[in-house]
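Undergrad: My questions will all concern the structure given below.
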Amino acid sequence: MRIGKLSQAALVRSVLRQITHRREDVAQGPALGRGYSALLSQEGTTVLAGAPVVVRDTETAVLALHRTWNSIAAAGAVPIGAMISLMLPTSMEETDLKLLLQAMDETAGRCGTELLGGHTEVTDAVSFPILCVTGVGKTADVVLHGPHMLQADQDLVVAGGIGLGAAAYLAKTQKEELLSQFSPDFIRSAAKFDRRYSVAETAQLAIGCGAQAMQDVSEGGIFGALWEMAEGAGKGLDVSLRRIPVRQETIEICEYFGLNPYQILSTGSLLIGINDGVELVRQLSEQGIEAAVIGKVTDKKERILRNGEEIRYLDKPQTDELYRFFESVEKDRKE
């Protein structure tokens, strides 16, 4: 199997079809295009989301936390915290473990959440630390704001520039190499994108503006999120590539490394289906949140991407471009 998310066909065939729904208090189990599950209780709905990651550095762990909490926020819930499980290689030093947990706890603090516990184990079965994050959130609503709520004729809005997660990660971890091409101010500006990783505020504002469907844009980039949202709702899309918000720093860093900004980790971006996208963009702009109406939802099967007069069709999600970057780095290291 290829590196990255499991293919849609394999996911449906070998994962989703093997899982049985048994309990009435499970309001949402595993489903295509939904990065969360939900449990009903007398106090409301508890929303859960998970993210596994190979910890190459503290920044990958920080991104994993944000990915789980952003999935929860996209469902319309308020993130509370996360359980974390770590599988550590025998080569890891305790001082490195301490720094990793400090970075994760600081991230939780900035998000108004907590690390809720978990499990930590040393094993010779891994060469890098493996982190599994299970995020937890709550909402009083029973109906959640996942892709299944998408309706024909709704506007599609992207809030937060795409590729922010990848741009900030590369600006931090590849700083010395990038300084050979870009100014220190340019790199510092991109590195500060990490301040925009959380979409919790954006999601609550969108709900207040009448948003029905939301999708966290993370692994696989905006192309992956568009496909998962459309597939989860059984709808078509008509999208203008030129309207999708993307920062110049993201474009240039991706271009330097030969990466596609439309198929790369976009932590900090939120895809929204809403009846009045223009009003939502106006309200987001008032809060300093970059956003744009990028297209429409349709009842047709086609998922159209327009680039001026050029028309192409959206493909199934591909391996995230950051994986390609990691593969090239590992290949260079071995050579």
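Undergrad: Output the qualifying pairs, or none if there are none: Cβ atoms under 6 angstrom, residues six or more apart or on different chains, first residue in the range 304-316 and over 14 Å from GLU231 (Cα atoms) and modelled with pLDDT under 95, second residue in a strand (DSSP E or B) and open to solvent by 90 Å² or more (accessible area, probe 1.4 Å).
TA: none
Undergrad: Within the range 142-163, track down each residue that is modelled with pLDDT under 95 and over 18 Å from GLY273 (Cα atoms).
TA: Selection gives VAL142 alone.
Undergrad: Moving on. Only residues that are open to solvent by 60 Å² or more (accessible area, probe 1.4 Å) and either free of Cβ contacts under 8 Å to residues at least 40 places away in the same chain or among the acidic types (Asp, Glu) (or both): list them for the range 234-248, please.
TA: Once the filter is applied, which keeps residues that are open to solvent by 60 Å² or more (accessible area, probe 1.4 Å) and either free of Cβ contacts under 8 Å to residues at least 40 places away in the same chain or among the acidic types (Asp, Glu) (or both), the range 234-248 yields only GLN248.
Undergrad: Are any residues in the range 214-231 surrounded by fewer than 23 Cβ atoms within 10 Å (Cβ to Cβ) and under 16 Å from the mean Cα position of the chain (by Cα), and if so, which ones?
TA: Correct list: TRP227 only.
Undergrad: Could you check the range 184-213 and list, in sequence order, the residues that are touching a Gly at 6+ places or on another chain (Cβ under 7 Å) and either open to solvent by 20 Å² or more (accessible area, probe 1.4 Å) or free of Cβ contacts under 8 Å to residues at least 60 places away in the same chain (or both)?
TA: Passing the criteria: ARG196, ILE207, GLN212.
Undergrad: Please state which of the following conditions LEU65 fails to meet, knowing it meets all the rest: (1) farther than 28 Å from THR123 by Cα; (2) open to solvent by less than 30 Å² (accessible area, probe 1.4 Å); (3) out of contact with any Lys or Arg (no Cβ under 9 Å at 6 or more places or on another chain).
TA: Checking LEU65 against (1) farther than 28 Å from THR123 by Cα; (2) open to solvent by less than 30 Å² (accessible area, probe 1.4 Å); (3) out of contact with any Lys or Arg (no Cβ under 9 Å at 6 or more places or on another chain), the one that fails is (1).
Here's the yes/no breakdown for (1) open to solvent by 50 Å² or more (accessible area, probe 1.4 Å); (2) over 24 Å from GLU330 (Cα atoms):
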| residue | (1), (2) |
| --- | --- |
| ASP96 | yes, no |
| ALA108 | no, yes |
| CYS111 | no, yes |
| GLU114 | yes, yes |
| GLU121 | yes, yes |
| VAL126 | no, no |
| LEU131 | no, no |
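The values are calculated or read from the model by the stated rules, or taken from the named source; none is laboratory data. Just so you know, these numbers come straight off a predicted model, no measurement behind them. All Cβ positions, even for glycine, are placed from backbone atoms using ideal geometry, and neighbour counts span all protein chains on display. In case anyone asks, the SASA skips ligands and DNA or RNA and just uses the protein heavy atoms, side chains included. Shrake-Rupley method; radii C 1.70, N 1.55, O 1.52, S 1.80 Å.
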